[in-house]
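Step one of this worksheet: look at the structure below.
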Amino acid sequence: MRPSTVVLALLAGLALAFAVIFGHFSGSTATDAERLAANRALVEHYGLTDLALFTEARYTRHPSQADLHSAFQDHPSALEHFPTGSLVSPRSLPLFRDASLAGKTTSPD
Amino acid sequence: MHPWLEKQLHLIDFTLASLARRKTKNVGLLLAYTLIVFVLASLSLFTHALRSEASYVLAGSPEVILQRMVAGRHDLIPPGYLERIGRIRGVQKKEGRLWGYYYDPVVNANYTFMARPASEVADGTIMVGSALARERGLAPNNTISFRSYAGKLFGFTVAAVLSPDSELLSADLVLLSENDFRRFFEYPEGHYTDIALSVANPQEVRTVAAKLSTALPDSRPILREEVLRTYQSLFDWREGIVLTVLAGAILAFAILAWEKASGLSAEERREIGILKAIGWETGDIIRMKVWEGLIISLTAFLLGGIAAYVHVFHFGAAVFAPVLKGWSVLYPRFTLVPAVDGLQIATLFFFTVVPYTAAVLVPIWRAAITDPDAVMRA
């Protein structure tokens with residue numbers, strides 16, 4: 001057999017394996033779907049808000065619930081010392097997005 | 001066989017023979033190339049799967065959570081606060097929640113304690129997440145005691161261990177009755193940690209949040225969409241950090257590939273000269289080199305992609321997991337549902353296969369249009 005046939009056959013085999021793996025095996029199977037649905041039901045039932053990925057500090061355990069000043073939350077100019085803290089992204093909210101939600105005062109500030 | 005096809009097969013035969021002459025160099029390049037594709041594909045598959053799982057399960061979290069802020073920090077909801085919310089149109093249900101953190105010095109880990117109604121968890125019993133149960137060696141009907149922050153010892157019977165399938169969400173969770181929660185943390189009667197509100201119409205959530213801020217200026221409403229966005233940006237950020245760390249390696253490979261693809265060795269140059277001298281056309285030489293670029297880059301892309309899939313969805317992305325998942329004492333064990341984004345694969349293909357194949361062309365074209373005599377003498 002000539003080398004080109006062997007190489008093309010190998011490439012075709014690889015491409016087929018790639019397509020089957022990424023196309024067919026991707027997406028959830030019945031078991032996966034069941035597990036995901038059960039997890040979503042658990043979230044709904046207990047009112048959970050965060051993934052239990054980093055349990056070191058309260059702002060890494062519940063990043064979505066942490067207060068807005070978590071960088072210096074322990075005392076003024078407290079330095080971050082939890083490993084995960086350095087990997088938690090800063091809040092990426094648009095500027096003044098919460099302006100409409102800010103407290104309304106009747107007297108001037 | 002069609003003459004065009006026959007010609008291509010001959011060109012491939014020739015390309016393979018030429019590649020085989022510089023076997024070590026080309027195998028090395030193929031390995032480095034495959035490794036880079038593997039790393040990039042693993043990273044993007046893992047973060048995409050984690051992101052989709054987070055957004056799917058957290059879509060069930062409360063629509064609005066209301067926290068009370070004192071001096072910019074989260075504070076307890078005092079008695080009467082719930083009533084002050086009054087009847088806001090669109091709010092279906094409002095419920096004071098009790099939850100907090102407990103540091104367990106036995107395993108140096110933090111747990112999340114959450115109160116549940118007595119109908120779910122009886123006084124004196126707890127339900128625990130399976131990572132916690134594993135770490136403390138707990139099984140249903142075992143007893144465990146925790147020393148409260150006030151220094152008192154409280155004993156609990158484990159009523160149930162939460163399903164290991166939910167570890168991603170409940171690894172460190174301890175569910176106990178409201179009475180136990182208040183006694184354990186000495187929580188003042190009538191106070192709550194925060195308030196969960198359910199809003200029937202998603203269109204009204206923002207209006208409800210605005211009304212809440214007006215009615216309770218010291219409150220901070222957290223919307224479900226913000227929770228979801230937090231996780232999207234969290235994993236984007238982590239993917240970015242890993243990419244930054246890998247940038248040096250990626251750049252080194254880019255230089256290697258560019259050098260290999262765009263600079264011709266004297267031997268290759270002589271080969272082109274000989275081919276031209278014996279009658280090969282410029283087009284044939286370019287076609288041969290395109291085949292060379294395609295064979296190397298396509299093999300690397302397919303091998304790297306398949307290896308990345310197996311690494312992420314069968315071996316739990318062992319290489320990147322600590323950085324992308326985080327690290328802690330109570331580490332949840334979970335398998336991700338394979339979620340593949342076609343656009344991601346296409347982008348990876350475009351940035352790995354196309355540049356290499358294209359980089360091969362320019363120097364070859366330059367050498368191929370020069371006089372064979374000059375090329376061979378150079």
Being buried (at least 20 other Cβ atoms within 10 Å of the Cβ), out of contact with any Pro (no Cβ under 7 Å at 6 or more places or on another chain), of a type in the set (A, V, I, L, M, F, W, C) and more than 8 Å from chain A (Cβ to nearest Cβ) narrows B:Ala307, B:Ala321, B:Ala300 down to just B:Ala300
Picking from A:Ala19, A:Ala38, A:Ala15, which residue would you name as being in a helix (DSSP H, G or I), under 21 Å from B:Phe349 (Cβ atoms), small (Gly, Ala, Ser) and within 7 Å of another protein chain (Cβ to nearest Cβ)?
-> A:Ala15
B:Leu153 vs. criteria more than 26 Å from B:Gly86 (Cβ to Cβ) and of a type outside the set (S, T, N, Q) = yes
Can you name the strands (runs of 3 or more DSSP E) wholly within segment B:55-141 that have at least 1 residues being more than 25 Å from B:Ser198 (Cα to Cα)?
-> B:99-104, B:109-116, B:125-128
Considering segment B:191-202, residues that are over 14 Å from B:Glu83 (Cα atoms) and touching a Gly at 6+ places or on another chain (Cβ under 9 Å), and then whichever is modelled with the highest pLDDT, we arrive at B:Thr193
Listed by first then second residue, the pairs whose first member lies in segment B:195-219 and is in the same structural domain as B:Lys94 (by TED's automatic domain parsing) and within 20 Å of A:Gln65 (Cβ to Cβ), whose partner is surrounded by fewer than 21 Cβ atoms within 10 Å (Cβ to Cβ) and of a type in the set (Asp, Glu), with beta carbons under 6 Å and at least 6 positions apart or on separate chains, are B:Ala196/B:Glu95
Any hit, segment B:161-170, residues being over 18 Å from B:Ala115 (Cβ atoms), surrounded by fewer than 22 Cβ atoms within 10 Å (Cβ to Cβ) and among the small types (Gly, Ala, Ser) | yes
Can you confirm whether segment B:138-153 contains a residue that is within 14 Å of another protein chain (Cβ to nearest Cβ), over 30 Å from B:Ala215 (Cα atoms) and either of a type in the set (A, V, I, L, M, F, W, C) or exposed (fewer than 13 other Cβ atoms within 10 Å of the Cβ) (or both)?
-> no
Name the helices (runs of 4 or more DSSP H) wholly inside segment B:208-327 in which the number of residues that are at pLDDT 90 or above and under 30 Å from B:Val362 (Cβ atoms) is 1 or more.
-> B:282-314
Filtering segment B:122-175 down to residues that are closer than 18 Å to A:Phe54 by Cα and either hydrophobic (A, V, I, L, M, F, W, C) or not assigned by TED's automatic domain parsing to the domain that holds B:Tyr103 (or both) yields B:Val128, B:Ala131, B:Leu132, B:Ala133, B:Leu168, B:Leu169, B:Ala171, B:Leu173, B:Val174
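The values are calculated or read from the model by the stated rules, or taken from the named source; none is laboratory data. This one's a predicted model, so the numbers in the text were calculated from it and none came from an experiment. Note that we place each Cβ from the backbone using ideal geometry, even for glycine, and neighbour counts take in every protein chain shown.
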